[in-house]
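> Please find one structure pasted underneath; my questions will follow.
The values are calculated or read from the model by the stated rules, or taken from the named source; none is laboratory data. Not measured: the values here are computed from a predicted model. Virtual Cβ from ideal backbone geometry, glycine too; neighbours counted across all protein chains shown.
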Amino acid sequence: MGRYVLSRIAQLVLVFVGVTLLIYLAVFALPGDPIRNLAGRQQLPPDTVAAIRAQYHLDDPFWQQFGRYLVGVLHGDFGTDFYGESVWDLMRQGWPVTLQLASLAWLFEIVLGVGAGVVSALRRGRLTDHTVLLLSVGVISIPAFVGAFALQLLLGVKAGIFPIAGDETGWPASYVLPAFALGAVGAASIARLTRSSMIRSLHADYVRTAIAKSLPWSRIVVRHALRNSLVPILTFVAIDLGYLIAGTVVVEGVFNLPGVGQLLFTSIRQQQGTVVVGVATALVMIFLLLNLAVDLLYGLLDPRIRVV
């Protein structure tokens, strides 16, 4: 088990460095001069521009800038923006909103996805089953930002049921629509995965044995079929939490929620490269740590996976 853990950690480090390098390269290769954009239409004096560029080491070779950034991240320093504010402090203000939104979307995924999948499997070949399959395909085909705009228009603007922007009404009213838009695709995928896994379980020998023993049908479904169908579902759900946290970028922009995604969206528009790289790095770290947790859980559940 020790070799397996070390192997997965080594892979995580390599992936983290590689992905961070690509993000850093892409952001700082963008055209335009962010220092000159700070003054808007006015022109900064050349001495001021040179002093700011020297302060942020923008004239150093790329590899020196990237190496300095990695060392800072290892010490918990994600840099500062061009107004002198710490990137970590900016993210810390937005993390509660992002985590609340991702958690509610995650809950929607699990409840709606597993529930629809179980019902579809139990009603296989009937109208309910066909309806769930058609709806899941339709939802998966719709991009998240399109679904967000549609929900905002139908249930927010026209029906007036939910707030359409901001978080003035607080938790959870302001987060219902964006969380549903964020978790809809995952819920559809979980529904299809649950359906297929449940169908396999319902035809397994242990289910036939339970039926032969005249056990209650509800007990057979919950304690035997569903319980043994949860392994692939739990894997998908655990990994998808990372996608949800990263996916808040678009949804928070649509619903104007002051989370980390909105911070990233605004920083891209303002060419705040340090903030963009810092937020993207934090999101990558969360996603990789969740994947590491799933890999280690696999190793505990199935010793065959530990073979390196």
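Here's the yes/no breakdown for (1) outside any helix (DSSP H, G or I); (2) within 28 Å of LEU193 (Cα to Cα); (3) among the aliphatic types (A, V, I, L, M):
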{"position": "VAL231", "(1), (2), (3)": "no, yes, yes"}
{"position": "THR248", "(1), (2), (3)": "no, yes, no"}
{"position": "LEU257", "(1), (2), (3)": "yes, no, yes"}
{"position": "LEU263", "(1), (2), (3)": "no, no, yes"}
{"position": "VAL277", "(1), (2), (3)": "no, no, yes"}
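> State which residue pairs qualify: first residue assigned by TED's automatic domain parsing to the domain that holds ILE9 and of a type in the set (Ser, Thr, Tyr) and inside region 281-294, second residue part of a helix (DSSP H, G or I) and at pLDDT below 80 in any location, beta carbons under 6 Å apart, and separation of 6 or more residues or different chains.
Filtered contacts from region 281-294: no entries.
> Now for a separate question. Which residues, taken from region 145-156, are aliphatic (A, V, I, L, M) and surrounded by 16 or more Cβ atoms within 10 Å (Cβ to Cβ)?
Of region 145-156, the ones aliphatic (A, V, I, L, M) are 146, 148, 150-151, 153-155.
Matches in region 145-156: ALA148, LEU151, LEU155.
> Residues in region 46-101 that are among the small types (Gly, Ala, Ser), crowded, with 17+ Cβ neighbours inside 10 Å and in a helix (DSSP H, G or I): how many?
So the answer is 1.
> Specify which of the listed residues (GLY156, GLY147) is free of Cβ contacts under 8 Å to residues at least 24 places away in the same chain and of a type outside the set (Val, Ile, Thr). Break it down stepwise before answering.
Details: GLY147 fails: free of Cβ contacts under 8 Å to residues at least 24 places away in the same chain.
Testing whether each residue is free of Cβ contacts under 8 Å to residues at least 24 places away in the same chain and of a type outside the set (Val, Ile, Thr) leaves just GLY156.
> So VAL185 ticks every box in (1) surrounded by fewer than 20 Cβ atoms within 10 Å (Cβ to Cβ); (2) at pLDDT 80 or above; (3) part of a helix (DSSP H, G or I) but one. Which box is left unticked?
If we test VAL185 against (1) surrounded by fewer than 20 Cβ atoms within 10 Å (Cβ to Cβ); (2) at pLDDT 80 or above; (3) part of a helix (DSSP H, G or I), just (1) comes out false.
> Filter region 16-45 down to the residues that are more than 19 Å from VAL275 (Cβ to Cβ) and not in a helix (DSSP H, G or I), then identify the one that is modelled with the lowest pLDDT.
ARG41
> Tally time: how many residues in region 86-119 are free of Cβ contacts under 8 Å to residues at least 60 places away in the same chain, among the acidic types (Asp, Glu) and touching a helix residue (DSSP H, G or I) at 6+ places or on another chain (Cβ under 9 Å)?
0
> Let me ask something else. Given the criteria acidic (Asp, Glu) and within 28 Å of LEU104 (Cα to Cα), does ASP295 qualify? Explain how you work it out, then say what you get.
Numbers: acidic (Asp, Glu): yes; within 28 Å of LEU104 (Cα to Cα): yes.
It is true that ASP295 is acidic (Asp, Glu) and within 28 Å of LEU104 (Cα to Cα).
Okay, residues lined up against (1) out of contact with any helix residue (DSSP H, G or I) (no Cβ under 9 Å at 6 or more places or on another chain); (2) within 12 Å of ALA181 (Cβ to Cβ); (3) of a type outside the set (Asp, Glu); (4) part of a helix (DSSP H, G or I):
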site: THR128; (1), (2), (3), (4): no, no, yes, yes
site: VAL132; (1), (2), (3), (4): no, no, yes, yes
site: SER136; (1), (2), (3), (4): no, no, yes, yes
site: ILE140; (1), (2), (3), (4): no, no, yes, yes
site: GLY147; (1), (2), (3), (4): no, yes, yes, yes
site: ALA150; (1), (2), (3), (4): no, yes, yes, yes
site: VAL157; (1), (2), (3), (4): yes, no, yes, yes
